[in-house]
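> What follows is a structure written as structure tokens; I'll ask about it next.
The values are calculated or read from the model by the stated rules, or taken from the named source; none is laboratory data. Small disclaimer: the values here were computed from a predicted structure and weren't measured. Using ideal geometry, Cβ is built from the backbone for each residue, glycine included, and neighbour counts are taken over all protein chains shown.
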Amino acid sequence: MQFIQVKDYQQLCEVASQKIIQIVKKSPNSTLGLATGGTPEGIYRLLCKDHQQHGTSYQLVQTVNLDEYVGLAKDHPNSYHYYMQQHLFSKIDLPEHQAHIPNGLADDLEQECERYEQLIERLDGVDLQILGIGQNGHIGFNEPGTSFSSRTHIVKLAESTRLANQRFFHSIDEVPRYAITMGIGTIMKSKSILLLVNGVKKATVLRRLFEEEVHNQLPASILKHHPHVTIVADEEAASQLKIPSN
Ligand SMILES: N[C@@H]1[C@@H](O)[C@H](O)[C@@H](COP(=O)(O)O)O[C@@H]1O
């Protein structure tokens, strides 16, 4: 794993957005794996700014998002469809049919998981997967205990995850109990992975990631077995690490 420590969230966003821009410029038909949550918001802002100012084009890019809540319509302000539209898709030239997100309203959710998995295969896999991390070590919505070989599947969200995500909703009762997520096995098939960790709330999980063995109670620990992972963390997130900063 390559580890890049940066000063703050702003720098994290700059480093991450530059990595994405470089890939898109080098291979304009790349498949990008995208994440939601608070962490990538600033990165998407910089991608939009770069698109406006320098014209980096996403005309040939395909995107696949990690996850979506079950039961929220695409235009629900808390759905990840809506999030992606607001933060990125409406501001760049990515054709709509090349932006893929699991459908949390599918009649047959199992079939939707299979469709999504096959779609990723048809796209020949993800070139660069962006990942955040939950405070319990989840990646996508793969909660502790998820099999490392899991494919796209339905998850029952941990109460701690619902509580952490409550800030985006009016009340805890509104936070969905289920989601569709790419599996850990799906994520691990990505050709390269960029894990972004910022803020003091992530300091404990980042320390655990460095100190603990690979085990499925800490889903992100499997990333240590991936050949091309870069972790970008800011000073607050890295504050419990005992390694020298670069
Ligand atoms: N499903 C998302 C993850 O994809 C995200 O990485 C994580 C961290 O979110 P945040 O960046 O807001 O801390 O939690 C959410 O539950």
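> For the range 91-101, check the following and say yes or no: at least one residue is touching a Gly at 6+ places or on another chain (Cβ under 7 Å) and under 27 Å from LYS202 (Cβ atoms).
Scanning the range 91-101, I find no residue that is touching a Gly at 6+ places or on another chain (Cβ under 7 Å) and under 27 Å from LYS202 (Cβ atoms), so the answer is no.
> Quick test for you: out of GLU110, GLU68, pick the one residue that is at pLDDT 95 or above, of a type in the set (Asp, Glu) and in contact with a helix residue (DSSP H, G or I) (Cβ under 6 Å, 6 or more places away or on another chain).
Selected residue: GLU68, the only one of GLU110, GLU68 that is at pLDDT 95 or above, of a type in the set (Asp, Glu) and in contact with a helix residue (DSSP H, G or I) (Cβ under 6 Å, 6 or more places away or on another chain).
> For VAL214, only one of the following conditions fails: (1) among the aliphatic types (A, V, I, L, M); (2) over 24 Å from LYS189 (Cβ atoms); (3) in a loop (DSSP other than H, G, I, E, B). What is its number?
(2)
> Right, next: For LYS19, indicate whether it is closer than 25 Å to ALA238 by Cβ and more than 19 Å from the chain's Cα centre (by Cα).
Here the answer is no, as LYS19 does not meet what is asked.
> Now for a different question. When you scan the range 31-64, how many residues do you find that are in a loop (DSSP other than H, G, I, E, B), within 12 Å of the ligand (Cβ to nearest atom) and of a type outside the set (A, V, I, L, M)?
5
> With the structure loaded, tell me whether ASN136 is within 23 Å of GLU41 (Cα to Cα), of a type outside the set (Asp, Glu) and in contact with a Phe, Trp or Tyr (Cβ under 6 Å, 6 or more places away or on another chain) or whether it fails that test.
no
> With respect to ILE180, determine if the residue is closer than 25 Å to LYS7 by Cα, in contact with a His (Cβ under 8 Å, 6 or more places away or on another chain) and within 13 Å of the ligand (Cβ to nearest atom).
Answer is no for this residue.
> Can you name the residue in the range 190-211 that is in a helix (DSSP H, G or I) and hydrophobic (A, V, I, L, M, F, W, C) and is also farthest from the ligand (Cβ to nearest atom) among such residues?
My answer is PHE210.
> Of these, GLY132, GLY137, GLY185, which one is within 15 Å of the chain's Cα centre (by Cα) and on the phi > 0 side of the Ramachandran plot?
The unique qualifying residue is GLY137.
> When residues of the range 20-37 are filtered for being farther than 24 Å from LEU119 by Cβ and either touching a Leu at 6+ places or on another chain (Cβ under 6 Å) or without any contact (Cβ under 8 Å) to a residue 12 or more places away in the chain (or both), how many remain?
Number satisfying all stated conditions: 1.
> Now for a different question. Looking only at residues in the range 28-63 that are over 24 Å from THR152 (Cβ atoms) and among the polar types (S, T, N, Q), which one is surrounded by the most Cβ atoms within 10 Å (Cβ to Cβ)?
For the range 28-63, the residue satisfying everything is THR56.
Residue-wise test of (1) surrounded by fewer than 14 Cβ atoms within 10 Å (Cβ to Cβ); (2) within 14 Å of the ligand (Cβ to nearest atom); (3) at pLDDT 95 or above.
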site: GLY137; (1), (2), (3): no, yes, yes
site: ARG151; (1), (2), (3): no, no, yes
site: ILE154; (1), (2), (3): no, yes, yes
site: ALA158; (1), (2), (3): no, yes, no
site: ASN165; (1), (2), (3): no, yes, no
site: HIS170; (1), (2), (3): yes, no, no
site: ASP173; (1), (2), (3): yes, no, yes
site: PRO176; (1), (2), (3): no, yes, yes
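> Starting from residues that are among the hydrophobic types (A, V, I, L, M, F, W, C) and within 16 Å of the ligand (Cβ to nearest atom), keep the ones in the range 65-95 and report whichever is nearest to ILE139 (Cα to Cα).
LEU66
> Looking at ILE187, is it within 16 Å of the ligand (Cβ to nearest atom) and assigned to a helix (DSSP H, G or I)?
In short, yes.
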